[in-house]
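Visitor: Pasting a structure here, questions to come.
The values are calculated or read from the model by the stated rules, or taken from the named source; none is laboratory data. No experiment lies behind these values; they were computed from the predicted model shown. Counting neighbours? That spans all protein chains shown, and the Cβs are built from the backbone with ideal geometry, glycine included. Please note that ligands, DNA and RNA were not included when accessible areas were found on the heavy atoms of the full protein model with its side chains. Shrake-Rupley method; radii C 1.70, N 1.55, O 1.52, S 1.80 Å.
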Amino acid sequence: MGNSMAVYLVRHGESVANKDLILSGAFDHPLTDTGRAQARQAGDRLRGIHFAGVFTSVLARAVETAALILEECGGHGGQWVRDARLNERDFGIYENVAQGWIADNHGHDALQRIHTDVGFRVDRGESIRDVFDRTSRYFDETVRPAAVEGNILVVSHGNVTKCLIAHCIGWPVEIVPEMPMWNGLVTRLNP
C-alpha cells in the first residue's frame, strides 16, 4: 500500500447522551447542534481527501456525522458500509442510564470500574476488552483490506475509536481507558 492511502477514524459529533452524561452505548441518541457543527468541522479538516470507502456503525449519531463530513469535504465516490460491529460498547443494564444515577445508586467506584476496568463486563453488556476484540477483528478483516483501494473514512464511537487506534499502533487494550477522545476528533492511521 502506498503512503498516500490512510484510514481516517472520526468519533461522532456530540450526541444528546454525551451532553447529558448518559451511557448510550448501542442505544440510538441523535446529534446535538454542537455535534452537527463538530461533524462539519471534521469534514472541513478532511477537505480535498477522496475516500474509496466509508464505514460507520449503524447508529444514527455516527451515520449523520459521516453524512455531514462527506457533505462538507465532498470526497466520497466509493462504498458506504454500515455495520453493527462498529457500534459503541453495549453497556447492558446501564444502557441509556445517566452516569450520575449510577454513581448515586451504586457508588462512584462502580461508575469508575465501568470506565477503567478493561475486563469488567457490565451485566448483559460488553467489557472494553470485548469491544477491542470485536473491532480489531472487524478492522483487520474488512477495513484494512479496503484501504488497499484508497483512503478510508471510519466514523464510530469513543470506545470503538480508541480501541482501533490502540490496535493499529500495537498498544495493549489496557491503555484504552487512559486515551483522550473527544467528539469530532479526526485520527489518521496508516494501517
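Visitor: Which residues, taken from the stretch 147-178, are under 13 Å from the mean Cα position of the chain (by Cα) and not in a helix (DSSP H, G or I)?
Guide: Of all residues in the stretch 147-178, those under 13 Å from the mean Cα position of the chain (by Cα) come to 153-166, 176.
Within the stretch 147-178, Leu153, Val154, Val155, Ser156, His157 qualify.
Visitor: Please go through the stretch 16-39 and pick out each residue that is of a type in the set (Gly, Ala, Ser) and without any contact (Cβ under 8 Å) to a residue 60 or more places away in the chain.
Guide: Here is the first cut: in the stretch 16-39, the residues of a type in the set (Gly, Ala, Ser) are 17, 24-26, 35, 37, 39.
Scanning the stretch 16-39 gives a single hit, Ala37.
Visitor: Given the options Glu88, Glu126, Glu64, Glu71, name the one that is touching a Ser or Thr at 6+ places or on another chain (Cβ under 9 Å) and not hydrophobic (A, V, I, L, M, F, W, C). Break it down stepwise before answering.
Guide: On the way: Glu126 fails: touching a Ser or Thr at 6+ places or on another chain (Cβ under 9 Å); Glu64 fails: touching a Ser or Thr at 6+ places or on another chain (Cβ under 9 Å); Glu71 fails: touching a Ser or Thr at 6+ places or on another chain (Cβ under 9 Å).
The unique qualifying residue is Glu88.
Visitor: Restricting attention to the stretch 128-149, and to residues there that are open to solvent by 10 Å² or more (accessible area, probe 1.4 Å) and over 27 Å from Asn96 (Cα atoms), which single residue is modelled with the lowest pLDDT?
Guide: Glu149
Visitor: Among Ala67, Ala37, which is under 16 Å from Val154 (Cα atoms), over 13 Å from the mean Cα position of the chain (by Cα) and open to solvent by 30 Å² or more (accessible area, probe 1.4 Å)? I'd like the intermediate steps shown before the answer.
Guide: Working: Ala37 fails: under 16 Å from Val154 (Cα atoms).
Only one candidate qualifies: Ala67.
Visitor: Checking the conditions here, which among Phe91, Phe55, Phe51 is within 14 Å of the chain's Cα centre (by Cα) and open to solvent by less than 50 Å² (accessible area, probe 1.4 Å)? I'd like the intermediate steps shown before the answer.
Guide: Working: Phe91 fails: within 14 Å of the chain's Cα centre (by Cα); Phe51 fails: within 14 Å of the chain's Cα centre (by Cα).
It is Phe55.
Visitor: Say whether the condition of being hydroxyl-bearing (Ser, Thr, Tyr), surrounded by 14 or more Cβ atoms within 10 Å (Cβ to Cβ) and within 24 Å of Tyr8 (Cβ to Cβ) is met by at least one residue in the stretch 118-127. Talk me through it step by step, then tell me what you get.
Guide: To start, the set of residues in the stretch 118-127 that are hydroxyl-bearing (Ser, Thr, Tyr) comprises 127.
Of the ones still in play, those that are also surrounded by 14 or more Cβ atoms within 10 Å (Cβ to Cβ) are 127.
Adding the requirement that they be within 24 Å of Tyr8 (Cβ to Cβ) leaves none.
No - not one qualifying residue is present in the stretch 118-127.
Visitor: Could you please find all residues in the stretch 103-117 being hydrophobic (A, V, I, L, M, F, W, C), in contact (Cβ under 8 Å) with a residue 24 or more places away in the chain and surrounded by fewer than 19 Cβ atoms within 10 Å (Cβ to Cβ)? Reasoning before the result, please.
Guide: Step one: list which residues in the stretch 103-117 are hydrophobic (A, V, I, L, M, F, W, C), which gives 103, 110-111, 114.
Those still in the list that are in contact (Cβ under 8 Å) with a residue 24 or more places away in the chain too: 114.
Result: no residue meets the conditions.
Visitor: Same structure, new question: Those residues that are assigned to a loop (DSSP other than H, G, I, E, B), open to solvent by less than 50 Å² (accessible area, probe 1.4 Å) and under 24 Å from His76 (Cβ atoms), I need them from the stretch 6-31; list them, please. Give the derivation first.
Guide: Pass one, the stretch 6-31, residues assigned to a loop (DSSP other than H, G, I, E, B): 6, 12-14, 20-21, 24-30.
Now narrow it down to the ones that are open to solvent by less than 50 Å² (accessible area, probe 1.4 Å): 6, 12-14, 24-26, 29.
Those that are assigned to a loop (DSSP other than H, G, I, E, B), open to solvent by less than 50 Å² (accessible area, probe 1.4 Å) and under 24 Å from His76 (Cβ atoms): Ala6, His12, Gly13, Glu14.
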